[in-house]
Structure formats: C-alpha cells, structure tokens
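This report concerns only the one structure given below.
Since every read-out is calculated from the coordinates, none of them should be taken as a lab result. What you see is a predicted model, and the numbers here were worked out from it, not measured in a lab. Quick reminder, even Gly has a Cβ in these numbers, built from the backbone with ideal geometry, and neighbours come from all protein chains shown.
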Amino acid sequence: MNKALLPLAMAALLFGCDGRRETREVLNMPDMHFQPSIKAQEPQPWTEFGEMMKPVPGTVPMDWQPYTITNQQADELASQIPNPLPASAEVLLTGQRYFNIFCTPCHGEHGDGMGTVIRANAGMPLPPSLHTEKDAQQWTDGRIFRVITRGQGNMPSYQRIEPEKRWAIIHYVRALQRSQAPTEQDLRDAEQAAPQKNANNTKPNH
C-alpha cells in the first residue's frame, strides 16, 4: 500500500469503528439485514385495509373451551348451569384478584358501578350496580357466567379469562353482595374469623 494513503485508510477505519454507527458500510447479506418483518399492531401492507391477518377458518386457540349456548337459549339453559367451584377461601382470593383486574375499571372495587373510568369522566355510561335486585342479585351463577363470557350491552366478552377464573369471579361477586346486607350469622362468622387482641393491646409473644 502506498504510504501516502495509509493515514487515510487508518482514519476511515477509526471512523467506522467509533461505536456510533447503526449500519454497516458494506452489507454482504442485505436480505438478512432488511427483513420484511411486521411489528405487533403494525398495519400489514398485503391486506386490503392494512388490518391484521385473521386466523385460518376453523382454527381455535390451544386449550380453548367453546361456549355453545346461543342468545335464544341463554335465559333457559345458562341459568341452569351451577357453579362448579366451592366457595372456599382460595377460590374467593382468586376471584378477588381477577375481579380487581378486569371488572373494577367499570364496576368499581365494591361492585357499585363507580369504577375508575366512571370517576375519570371518560364518557363511559354508568354500569348497573351488582347489588340491585334487578340484575345480579336475582341472576343465577350460570347467567352471570354467560354475561362474562358473551358480554352484554357495553360490556365486552371476557372469554380470554379461563373458565375457572370466571366462576371464581362470580363467587367473589356473591361475597360483595352479601357484604352490603350481611346477616347476623355473617357478622358472627366475621367476628370469629377476626384476629383476637390481648387485653393490653400488645402483640402476642411467639
């Protein structure tokens, strides 16, 4: 190499390795570098309106359980479906967790219809309270399960929640309803379940 060109070659080498470049000067495999990949929620140019591609007809997600009750059969059949889960403490905690995730934005933490989107004046209509006799209190567990599964009115379908979690949510809704009008037995059970304090109001010795 000509000695006169050596400084220019060294400067070009240093400039190409300064760590600031995101692309190479020479691409041996441009197809690997410029891949026609589509990012999540990005319009797809080969579809008619740029929408996301739909699944092949007849395909279903893995572990998906179909819900075949139609709207015409709902009042008669869905109301006859019993809740397969026991109202245990574990089930109630699961129901509380998923109720707080999916239901509280509209129904509120207490099921009174004053959720975060309602209090924020986001333009959402006020959902009915879960404590009124008109709706959830007179509905069977099966009918509530259908509403969670299919949706109703402005409420969308929540089939993405596993069926066991939907049944657990219903148990928690029943607990919220009973908390609004507890019986004397409910109050006695709550007192017995509450942690007992000693006479001096100090922590117990371990």
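Please report the net charge: other residues with Cβ closer than 14 Å to the Cβ of residue 87, K and R +1, D and E -1.
Surrounding charge for residue 87 is -3.
Could you tell me which trypsin sites (Lys or Arg not before Pro) in segment 83-162 are loop residues by DSSP with no more than 14 other beta carbons within 10 angstrom of their beta carbon?
Working: sites: 97, 119, 134, 143, 146, 150, 160; in loops: 134, 160.
Passing sites in segment 83-162 are 134, 160.
Going by how many other Cβ atoms sit within 10 Å of their own, how do 67, 158 line up, fewest first? Intermediate results must be reported in sequence, preceding the final value.
Numbers: 67 14, 158 17.
In increasing order of surrounding Cβ atoms, one gets 67, 158.
Please compute, over every Cα-Cα pair in segment 87-181, the percentage with a separation greater than 24 angstrom. Display every interim value, and only then the final one.
Details: 556 of 4465 pairs.
Here the tail beyond 24 Å accounts for 12 percent of pairs.
Order by neighbour count: 145, 102, fewest other Cβ atoms within 10 Å first, most last.
Details: 145 24, 102 17.
Ordered by Cβ neighbours within 10 Å, fewest first: 102, 145.
Only four residue types carry charge here, +1 at the Cβ of Lys and Arg and -1 at the Cβ of Asp and Glu. Report the dipole size of segment 83-167 about the Cα centre in Debye, rounded to the nearest 20.
Using Cβ point charges on Lys, Arg, Asp and Glu, segment 83-167 gives about 280 debye.
Under the 0.36 nm per residue contour assumption, what length would be gained going from the current alpha-carbon distance of residue 90 and residue 188 to full extension? The partial results should precede the final answer.
Details: separation 98, 0.36 × 98 = 35.28 nm, distance 2.10 nm.
Taking residue 90 through residue 188 to full extension adds about 33.2 nm, to one decimal.
Taking the Cβ of each residue in 139, 46, 167 as the centre, tally the other Cβ atoms inside 10 Å and list the residues starting with the fewest. Write down the numbers at each step before the final one.
On the way: 139 18, 46 8, 167 22.
Ranking 139, 46, 167 by Cβ neighbours within 10 Å, fewest first, gives 46, 139, 167.
On average over all directions, what projected area in square nanometres does segment 111-165 have, based on the convex hull of its Cα atoms?
On the way: hull surface 16.9 nm².
The orientation-averaged projected area of the Cα hull of segment 111-165 comes to 4.2 nm².
Can you give the FRET efficiency for residue 37 and residue 101, using 1/(1 + (r/R0)^6), R0 = 30 Å, r = Cβ-Cβ distance, to the nearest 0.05? Kindly include the intermediate steps, with their values, before the conclusion.
Working: r = 31 Å, r/R0 = 1.05.
For residue 37 and residue 101, the calculated efficiency is 0.45.
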